[in-house]
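Right, one structure below, let's go through it.
The values are calculated or read from the model by the stated rules, or taken from the named source; none is laboratory data. This structure is a prediction, so every number in the text was calculated from the model and none was measured. Quick reminder, even Gly has a Cβ in these numbers, built from the backbone with ideal geometry, and neighbours come from all protein chains shown. Accessible surface areas use protein heavy atoms only, side chains included; no ligands, DNA or RNA. Shrake-Rupley method; radii C 1.70, N 1.55, O 1.52, S 1.80 Å.
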Amino acid sequence: MKKVYLDNAATTPLDKEVLDAMLPFMTEHFGNPSSIHGFGRQTRAAIEGARKIVAKLLNVSPSEIFFTSGGTEADNMAIHCSVNDLGVTHLITSPIEHHAVLHTCEALAASGKVKLDYVKLTPNGHIDLAHLEGLLAANKSSKSLVTLMHANNEIGNLLPLKKTSEICAKYNAVFHSDTVQTMAHYAMDLKDLGVHFVNAGAHKFHGPKGVGFIYVSSDVKIHPIIHGGSQERNMRGGTENLYGIIGLAKAMEIAYRDMKEHQEHVQGIKTYMIEQLEKNIPGISFNGDVKGSSLYTVLNVCFPPTDNAEMLLFNLDIAGIAASGGSACTSGSNVGSHVLKGICSDMNRPSIRFSFSKYNTKEEIDYVVAKLKEIFTVKKTQTA
Ligand SMILES: Cc1ncc(COP(=O)(O)O)c(C=O)c1O
């Protein structure tokens, strides 16, 4: 059976070049990086080499990069450390953040440690920056953390990072942006952007799962939330995910090396799918600012109403097509997408997120659109 993987915002396949870079660190180079003997010194040097690669690509110092278990841990770290160490008593986020941010903010607010405000969205699902400024102005007497994602993982809307960081700077607020969906997809000069924290998960850019990093600007001084050994310069206890870190740095190097080609290819796939869907399925529309400021890997499609909405993903799966009904991290739960609710998408119409990678082809899109056409044509006949 043909298999088409269009769920790359959930995770991407590991690049073979990345695997090749990792393999020696699963076999002959196995020393604990904290050991002082030769085996350990060798792997310590490899980790520090990986840190230098990441830092150079982002135009920051290696001392500002800390490896983590992934995007979720780094989101938790940015938010908890802001409250614990930076005097933050007021959080501003949006109703359409990833749960790694939303649930962390909500837990802190429930504990009574902080006041939590949600910034409003514009009609096409962007952050209302005027409202953000209003919230900061109204809370001048408290130290605020603004935590807003760079690209929404369900609808792809992009936040203007520089503009947002300038607003935060005006009110002396700490700024964290969850960049899990955009890291290694766009070139970022973090010094120029003026953010305090950004983060990444390697599995979103053809690296391994279970490893990521947080960038912590040298302008802020924080303390660990995971206590233990002196790893990560005393910032995160626990033996490092050695081969994961090697794979992350390799994946990032490849992403930067091939970025232009990759962006053009993937944007081409997305544009082609939009055209084909509009041509073949009457009544289709898209969630988010799909033809405006939108991440090139994500396309959230709102289908015409159908009696078998809940069977749509299942029918695609039967045809070998992997897509997602929302955020992968909540698929399997019956709760509808908080992002689609947040942007007031028509919840009576089924929505599917298709997300693309460098491995997808236009032929795959033709296959998917043909299957969708079949599903919707059959449904029409059945309900006629
Ligand atoms: C925007 C965003 N933030 C955070 C995460 C969590 O990252 P990880 O799976 O590396 O913990 C994800 C994963 O889907 C995401 O899309």
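The distance between label points at D20 and E106 comes to 4.5 nm (points 7 Å beyond Cα on the Cα→Cβ vector). Accessible surface calculations at 1.4 Å, restricted to protein heavy atoms, place the chain at 42 Å² per residue. Expressed as a whole percent, the accessible surface of the chain that belongs to carbon and sulfur atoms is 56, based on a 1.4 Å probe. Each Lys and Arg adds +1 at its Cβ and each Asp and Glu adds -1 at its Cβ; summed about the Cα centre, the chain shows a dipole of about 260 debye.
Here the convex hull built on the C-alpha positions of the chain has a volume of 137 cubic angstrom per residue. Please work out whether region 88-131 counts as rounded, prolate or oblate from its C-alpha gyration tensor, where a ≥ b ≥ c are the square roots of the eigenvalues and a/c under 1.5 means rounded, while otherwise a/b larger than b/c means prolate and anything else oblate? The shape class here is oblate. The accessible area of V290, taken with all protein chains in place and a 1.4 Å probe, comes to roughly 20 Å². Fully extending the segment from N32 to E264, taken as 0.36 nm per residue of separation minus the present Cα-Cα distance, adds 79.4 nm.
Determine the shape class of region 90-160: with a ≥ b ≥ c the square roots of the Cα gyration tensor eigenvalues, call it rounded for a/c under 1.5, and otherwise prolate if a/b is greater than b/c, oblate otherwise. Oblate is the answer for region 90-160, as a/c is 1.5 or above yet b/c matches or exceeds a/b.
Residues L19, L148 ordered from highest to lowest accessible area at a 1.4 Å probe: L19, L148. The label-point distance for T89 and N59, in a model that sets each label 7 Å from Cα toward Cβ, rounds to 3.7 nm. About its Cα centre, the dipole of region 216-284 is roughly 200 debye, where the only charges are +1 on Lys and Arg Cβ and -1 on Asp and Glu Cβ. Assign one of three labels to region 13-87, namely rounded, prolate or oblate, based on the Cα gyration tensor with a ≥ b ≥ c the square roots of its eigenvalues; rounded applies when a/c is under 1.5, prolate when it is not and a/b is larger than b/c, and oblate otherwise. Because a/c hits 1.5 or more and a/b exceeds b/c, region 13-87 counts as prolate. With all protein chains in place and ligands, DNA and RNA left out, the 1.4 Å accessible area ranks C344, C168 as C344, C168, largest first. Helix 362-383 and the longest principal axis of the Cα set of the chain meet at an angle near 50°.
Using the Cβ of N172 as centre and a radius below 10 Å, the other residues enclosed give a net charge of +3, where K and R count +1 and D and E count -1. Extension gain, K3-A169: 0.36 nm per intervening residue step, less the Cα-Cα distance, totals 55.0 nm. Look at the dipole of the chain built from charges on Cβ: of S345, A130, V101, the Cα furthest out on the positive end belongs to A130.
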